[in-house]
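Values quoted throughout were computed directly from the atomic coordinates according to the rules given, and no laboratory measurement underlies them. Since this is a predicted model, take the numbers as computed values, not measurements. Positions of Cβ are generated from backbone atoms using ideal geometry, with glycine treated the same way; all protein chains shown enter the neighbour counts.
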Amino acid sequence: MKRTILLCLLMSSFLMGSNYTKGLNAYESSDYQRAQKYFMKASNKGNALAQYYLGMMFDNGQGIKQDYKKAVYFYKKAAKNGLAMAQSSLGFMYELGYGIEKNDVKAVKMYERAVNQNYAPAQYNLGYMYASGTGVIQDFGEAIVLYEKAAKQGVSMAQYTLARMYDEGKDVEVDYTKALYYYTQAGEQGHILAQTYLGSMYLEGKCVNKDYQKARVWYEKAAAQNGAVAQYELASMYLYGKGVEKNAIEALTLYQRSADQGNVSAQNNLASMYTSGEGVKKDYQKALEIYEKLAIEGESSAKENLKLFCEKYPLVCKE
């Protein structure tokens with residue numbers, strides 16, 4: 001009898017795991033409908049990972065209609081089964097009020113459960129709650145401890161947040177060496193803003209010796225990810241020949257990419273290049289259009305720039 005029960009339990013465990021594995025394989029192949037089918041079978045047998053994936057699929061609308069309430073339902077099931085990822089995700093839903101009534105205190109509790117399992121994203125999220133005093137008494141010291149734990153586990157947002165804190169002296173003493181360290185950690189993981197700040201530190205010689213080559217490398221990494229500020233700064237390096245051979249055409253291309261994302265400085269520089277004909281054929285009408293657009297949008301210096309342009313090229317402005 002005992003042997004029969006044991007065999008039944010083993011078979012049940014095998015089938016549960018098998019359905020989860022099939023679901024995971026389908027999910028990783030972007031076959032979300034098939035993944036949902038197998039995850040549901042495994043979930044019904046109590047598989048926490050399957051429950052978590054179902055929650056995530058409803059959360060993100062992967063292969064099914066986005067439904068935060070259903071996401072919360074499955075996150076809760078997985079969280080109850082002790083899965084740290086689900087506890088952290090459920091905490092996030094409580095924090096934002098997605099699919100459930102917003103409750104910062106419950107968000108903190110869920111993050112704490114995940115943190116107790118050393119789950120890095122929850123360490124970052126809980127650190128933010130302590131830093132902002134959301135759902136808990138504000139405690140910057142505790143926030144830093146949590147950020148550092150998450151940073152050590154490779155959470156780029158935690159690394160970047162620590163870098164900004166040490167860079168600006170926000171709730172800690174300014175420490176550019178630590179700022180550089182954490183910017184570099186985050187930048188090496190592809191964090192766009194960290195890469196951009198690293199570019200600026202090497203360009204300006206902040207805490208490091210000026211190094212245009214290193215500045216260019218970091219700006220290029222961020223620009224390749226469509227970082228507007230990095231595209232602008234890299235364009236300026238090409239325009240003035242800082243760390244690179246002067247190349248007005250490349251500068252124009254990068255300014256345009258940055259301008260297309262709404263970077264006002266890039267838009268102004270584009271107008272200037274169309275006016276001077278540097279890197280592009282002179283086009284006063286194009287320059288006028290840019291200045292007028294900025295003026296309409298209320299950019300602070302746009303009206304003055306437009307006025308100066310029209311004083312110099314009155315016939316263009318009268319057309």
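Things to note:
- Charge dipole (debye, nearest 20) of the stretch 17-81; +1 at Cβ of Lys and Arg, -1 at Cβ of Asp and Glu: 320 debye
- Pairwise label distance in nanometres, Gln33 with Glu289, each label 7 Å out on the Cα-Cβ vector: 4.5 nm
- Principal-axis tilt of helix 2-28 within the chain, Cα atoms, nearest 10 degrees: 20 degrees
- Positive-end ranking of Ser258, Ala131, Met110 along the dipole of the chain, with charges on Cβ about the Cα centre, is headed by Met110.
- Three-way shape call for the stretch 150-206 based on the alpha-carbon gyration tensor, with the a/c threshold at 1.5: oblate
- Here the spin labels are modelled as points 7 Å beyond Cα on the Cα-Cβ line, and at Glu101 and Asn60 they lie 3.1 nm apart.
- Look at the Cα gyration tensor of the stretch 17-81: its axes a ≥ b ≥ c give a/c of at least 1.5 with a/b at or below b/c, and that counts as oblate.
- The stretch 230-253 and the stretch 87-128: distance between their alpha carbon centers, rounded to Å: 44 Å
- Crossing angle, helix 84-96 versus the chain [Cα axis fit, 0-90 degrees, rounded to tens]: 60 degrees
- Only lysines eight or more places from Lys281 in sequence, or on another chain, were considered; those with a Cα closer than 27 Å are Lys242, Lys246, Lys293, Lys303, Lys307, Lys312, Lys318.
- Dipole check for the chain: with +1 at the C-beta of Lys and Arg, -1 at the C-beta of Asp and Glu, and the Cα centre as origin, the magnitude is about 1740 Debye.
- Helix 48-60 axis, angle to the chain major axis (alpha carbon atoms, nearest 10°): 30 degrees
- Count of Lys pairs (Cα-Cα under 15 Å; at least 8 positions apart or interchain) in the stretch 17-81: 9
- FRET E, pair Lys242, Ser276, Förster distance 22 Å, beta-carbon r, rounded to 0.05: 0.70
- Projected over every direction and averaged, the convex hull enclosing the alpha-carbon atoms of the stretch 80-155 yields 4.5 nm².
- Lysine pair count for the stretch 91-202 (Cα-Cα distance under 23 Å; residues 8 or more apart in sequence or on different chains): 8.
- Here the chain is treated as a sphere whose radius is the Kirkwood value from Cα pairs; by Stokes-Einstein at 20 °C and 1.002 mPa s it diffuses with a coefficient of 91 µm²/s.
- Taking a Cβ cut-off of under 15 Å around Ser30, the surrounding Lys, Arg, Asp and Glu residues balance to a net charge of +1, with basic ones at +1 and acidic ones at -1.
- Anisotropy class of the stretch 219-298 from Cα gyration tensor, a/c 1.5 cut: oblate
- Helices in the chain, meaning DSSP H runs of at least 4 residues, each add -39500 (n - 2.57). Divided by all residues, the mean residue ellipticity at 222 nm is -23500 deg cm²/dmol.
- For the chain: relative contact order, % (alpha-carbon pairs under 8 angstrom, 6 or more apart): 6 percent
- Local charge for Gln51 was computed over the other residues whose Cβ lies under 11 Å away, with Lys and Arg +1 and Asp and Glu -1, and equals +4.
- Separation of the Val145 and Ile249 label points, Cα + 7 Å toward Cβ, nm: 5.9 nm
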